[in-house]
């Protein structure tokens, strides 16, 4: 199995289907490494390589446990601490989503949070997963001042429950 395929399977397992490993998520979103290795039929070395080389740093491996850093669709408390955001953050999306975003803002959809990037380049890469990306500017400092709670995941992704349209700037 290629590392890319393994990374996708690991993401799916940790974020959306931990029950398939036969054990419940531990507090903080952790799964025992042994259950993951057994379920995915991989070696510890292969798992460590994928965690170490993942360009988005999606996973954290601590001793005999592993978790996804964000992006879960299953109930989980990642034990993140509220963190004041920088004044501006970014969100990459695709052009077809813009009419709904203009009306409703950014919603978490089936995930726990909206994911925001610290820079336009990262947001552009995220948005490019579905074709030509559009990068939106989020006035995160103003949102925080209005009472919205932000979290910073271990891999540098900013998380917030939603972004109302009045805090968004659209290109051109």
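No lab work stands behind these numbers, since they all come straight from the coordinates. What you see is a predicted model, and the numbers here were worked out from it, not measured in a lab. As a convention, Cβ positions derive from the backbone with ideal geometry for all residues, glycine included, and neighbour counts pool all protein chains shown.
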Taking Cα atoms, the helix 44-53 axis meets the longest principal axis of the chain at an angle in degrees (rounded to 10) of 20 degrees
Between the Cα axis of helix 3-16 and the main Cα principal axis of the chain, the angle (0 to 90°, nearest 10) is 80 degrees
Cα gyration tensor of segment 89-169 diagonalised, 5x eigenvalues square-rooted, in angstrom largest first, produces semi-axes 18, 15, 11
Segment 3-68: spread of alpha-carbon positions along the three principal axes, whole Å, largest first, is 26, 22, 22
A convex hull over the alpha carbons of the chain yields, per residue, a volume in Å³ of 119 Å³
Per the helix-only model, the chain has a calculated mean residue ellipticity at 222 nm (DSSP H runs of ≥4, -39500 (n - 2.57) each, divided over all residues, rounded to the nearest 500) of -8500 deg cm²/dmol
Least to most buried among 59, 170, by other C-beta atoms within 10 Å and fewest first, runs 170, 59
To the nearest 0.05, the calculated FRET efficiency linking residue 104 and residue 23 through their beta-carbon distance, R0 being 45 Å, is 0.75
Ordering 64-72, 5-13, 161-169 by per-residue average of other C-beta atoms within 10 angstrom, highest first, gives 64-72, 5-13, 161-169
In nm, the gap between the two label points placed 7 Å beyond Cα toward Cβ at residue 154 and residue 73 is 2.3 nm
